[in-house]
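The values are calculated or read from the model by the stated rules, or taken from the named source; none is laboratory data. Note that the structure is predicted; figures quoted are calculated from it, not measured. Here the Cβ is made from the backbone with ideal geometry for all residues, glycine too, and neighbour counts use every protein chain on show.
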Ligand SMILES: C[S@@+](CC[C@H](N)C(=O)[O-])C[C@H]1O[C@@H](n2cnc3c(N)ncnc32)[C@H](O)[C@@H]1O
């Protein structure tokens, strides 16, 4: 991968480990959505790909962090889980706890998910592709559905509007049916209505359809919508 080959350090993005259950809720996924070929972009340490494949989906995850060797990434994950858990416990009032119950439940859920990811990556490394938006190494329309959680909007402080447009167009290029993006708030939980409106406008101008729709999940308070792009 250009610029990253041989590197174990791909920056200071949190490599989080959400589960299939969280993905189902965040993206309002149905059983039918999981029948086809699904791309998780970025996959991070999510167990979505492992769990979806074990129930018959053909899922692939892509993330620049997969340039990192398994043992080194697993060490990083241990540290990041501790960091994320300490943050969530210390800032519990910023979050809605209906999904996890409490900070201890959140910690267990994410640790289980990270462990499933780590096992699957060692056994099925071909499911985990090292690459970075806005350039994906996949043919046009090679996935039915593309899911993108906690990169766009989350890091709006460092990824500008032009990056968001390019990333969404690239994910739409490799999808036959559509792209779903969640959440539409930044790391601090701030809504991004101007960025959402800008993206809808730019995508519509490019011949795509994009709209914001509700989801039944919202760990970050106020993060109760996703952006759906139809191709
Ligand atoms: C907060 S994690 C989200 C992981 C997963 N979707 C989840 O919800 O558990 C953000 C991920 O974005 C990845 N990332 C950073 N820059 C990226 C880029 N240009 N293209 C794709 N992924 C990127 C990071 O390596 C990190 O794993």
Problem set entry | From the options 148, 142, residue that is crowded, with 20+ Cβ neighbours inside 10 Å and touching a residue at least 40 places away in the same chain (Cβ under 8 Å) | 148
Problem set entry | Single unsatisfied condition, residue 147 versus (1) more than 16 Å from the ligand (Cβ to nearest atom); (2) touching a strand residue (DSSP E or B) at 6+ places or on another chain (Cβ under 9 Å) | (1)
Exercise. How many residues does region 48-64 contain that are near the ligand (Cβ under 9 Å from one of its atoms) and either assigned to a strand (DSSP E or B) or within 11 Å of the chain's Cα centre (by Cα) (or both)?
Worked result: 4
For this session: Considering every residue within region 159-167, establish whether at least one is under 30 Å from residue 68 (Cα atoms), within 14 Å of the ligand (Cβ to nearest atom), surrounded by fewer than 17 Cβ atoms within 10 Å (Cβ to Cβ) and at pLDDT below 95.
Result: no
Exercise. If residue 28 satisfies every condition in (1) outside any helix (DSSP H, G or I); (2) in contact with a helix residue (DSSP H, G or I) (Cβ under 9 Å, 6 or more places away or on another chain); (3) more than 19 Å from residue 170 (Cα to Cα) but one, which is the exception?
Worked result: (2)
Seminar exercise, completed: The strands (runs of 3 or more DSSP E) lying wholly within region 120-231 that contain at least 1 residues that are under 14 Å from residue 62 (Cβ atoms) and out of contact with any helix residue (DSSP H, G or I) (no Cβ under 6 Å at 6 or more places or on another chain) are 143-149, 175-182
Exercise. In region 121-139, which residues are surrounded by 13 or more Cβ atoms within 10 Å (Cβ to Cβ) and in contact with a strand residue (DSSP E or B) (Cβ under 9 Å, 6 or more places away or on another chain)?
Worked result: 121, 127, 128, 129, 130, 131, 132, 133, 136, 138
Exercise. Is region 69-80 home to any residue that is within 11 Å of the ligand (Cβ to nearest atom), assigned to a helix (DSSP H, G or I) and within 18 Å of residue 180 (Cα to Cα)?
Worked result: no
Exercise. Which of the residues belonging to region 168-200 are under 13 Å from the mean Cα position of the chain (by Cα) and farther than 16 Å from residue 213 by Cβ?
Worked result: 171
Seminar exercise, completed: For region 188-200, pairs from a residue that is in contact (Cβ under 8 Å) with a residue 24 or more places away in the chain to a residue that is surrounded by 11 or more Cβ atoms within 10 Å (Cβ to Cβ) and part of a helix (DSSP H, G or I), with Cβ under 7 Å and 6 or more apart or across chains, are 189/94; 195/161; 195/164; 198/161; 199/164; 199/165; 199/168
Problem set entry | Of all residues in region 22-67 being farther than 17 Å from residue 110 by Cα and out of contact with any strand residue (DSSP E or B) (no Cβ under 9 Å at 6 or more places or on another chain), the one that is surrounded by the most Cβ atoms within 10 Å (Cβ to Cβ) | 65
